[in-house]
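Chemist: Sharing a structure here in structure tokens format.
The values are calculated or read from the model by the stated rules, or taken from the named source; none is laboratory data. Note that this is a predicted model, so its numbers are computed, not measured. Here the Cβ positions follow ideal geometry from the backbone for every residue, glycine too, while neighbour counts run over all protein chains shown. SASA here: full protein model, heavy atoms, side chains in, ligands and nucleic acids out. Shrake-Rupley method; radii C 1.70, N 1.55, O 1.52, S 1.80 Å.
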Amino acid sequence: MFGKLLKNDLKAQWFSVSAIYFCALIAVVIFEIGANVLKDDKQVALCGGGVCLALLIASFTTLITVAIMFNNTMFGKAGYLTLTLPVKMNSLLASKTLSGLIWIFSVYALLIGSLVLWLYQIKVILGDQMTDTIESLLEIFGVPSVKTITIGVIIACILFAAIILLLVQCMYLSLTLSQIKPISSFGKFGTIVLFFVLIGSLLSLSGTVSDMLPINIVVSETAILFTSDSTVVDGTMNFRLTGAIFNIIASVILQFPMAFLINKKINLK
């Protein structure tokens with residue numbers, strides 16, 4: 001039954017996200033054509049950055065669209081049909097969450113890929129001699145090498161996916177709470193304030209947990225290590241793995257109060 005729910009959600013949502021995908025595709029094609037036509041290295045690099053920017057905007061737009069679709073299908077006119085489906089509320093919410101994440105992470109994965117390709121493109125444009133010079137300067141100032149930074153950016157993007165999951169769940173919960181009095185009397189303003197309070201509180205708690213139970217990913221020129229040592233060494237990049245784990249667990253837990261509120265506290269107008 002869950003498979004059918006997910007399939008129907010994806011089909012229904014495609015009509016909303018396809019326009020975003022199409023616009024992003026047009027922008028990417030234009031920048032890629034520009035990169036192949038232009039001969040100046042700076043302009044080629046700018047085109048590569050334009051591709052990343054286009055996909056970044058598409059990722060943000062998809063995130064907002066997913067929240068709007070959730071609100072419309074759960075609490076809008078379509079909510080009368082959605083809430084009468086003979087399925088458990090947790091399954092219904094899980095389907096909405098997973099389908100939304102599929103659209104968000106599809107664009108986000110392309111963004112990470114384009115970012116990696118752009119960094120590689122810049123390295124090729126600079127050439128081996130210039131790259132070696134930059135590496136030497138970075139080493140003098142204790143800054144991570146280009147290779148370390150590249151790997152660090154990829155790891156940071158992967159860990160940020162946990163924050164995106166938490167963002168989606170906080171959006172869903174704030175939209176759910178905004179249907180309940182007295183919060184409903186504040187309208188969209190109340191929803192926005194509630195969202196920032198939720199995400200701010202949970203990210204702050206995530207930081208506290210990371211400080212109490214430090215599990216770090218340390219990226220160096222030669223290795224990627226997991227350690228509880230928070231000491232920052234020159235030439236390395238440190239990332240808190242505990243925070244990402246907390247964000248994922250918190251996202252799963254938020255599913256249950258949402259299911260309870262929709263089942264017991266919300267009456268559609």
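Chemist: What ranking of Ile154, Ile249 comes out by heavy-atom accessible area, probe 1.4 Å, highest first?
Modeler: Output order, biggest surface exposure first: Ile249, Ile154.
Chemist: Shifting gears a bit: Using a Förster distance of 41 Å, how high is the FRET efficiency between Phe15 and Ile224, based on the Cβ-Cβ distance and rounded to 0.05?
Modeler: 0.50
Chemist: Another one. Determine the gain in length on full extension of the stretch Lys147-Ala109; use 0.36 nm per residue of separation and subtract their C-alpha separation, reporting nm with one decimal.
Modeler: Fully extending the segment from Lys147 to Ala109 adds 11.7 nm.
Chemist: Among Asp229, Asp211, what's the order by accessible area (1.4 angstrom probe), most exposed first?
Modeler: The ordering from most to least exposed comes out as Asp211, Asp229.
Chemist: Go through Leu93, Leu10 and list them by solvent-accessible area, largest first, probe radius 1.4 Å.
Modeler: Leu10, Leu93
Chemist: Starting from the Cα-Cα distance between Asn8 and Met212, subtract it from 0.36 nm times their residue separation and give me the gain in nm to one decimal.
Modeler: Gain on stretching Asn8 to Met212: 69.2 nm.
Chemist: So, taking all protein chains as they sit and a 1.4 Å probe, how much accessible area belongs to Met74, in Å² rounded to tens?
Modeler: My reading of the accessible area for Met74 is about 0 Å².
Chemist: Roughly how many Å² is the accessible area per residue of the range 145-202, as a whole number, for a 1.4 Å probe?
Modeler: With the other protein chains kept in place, the range 145-202 gives 47 Å² per residue.
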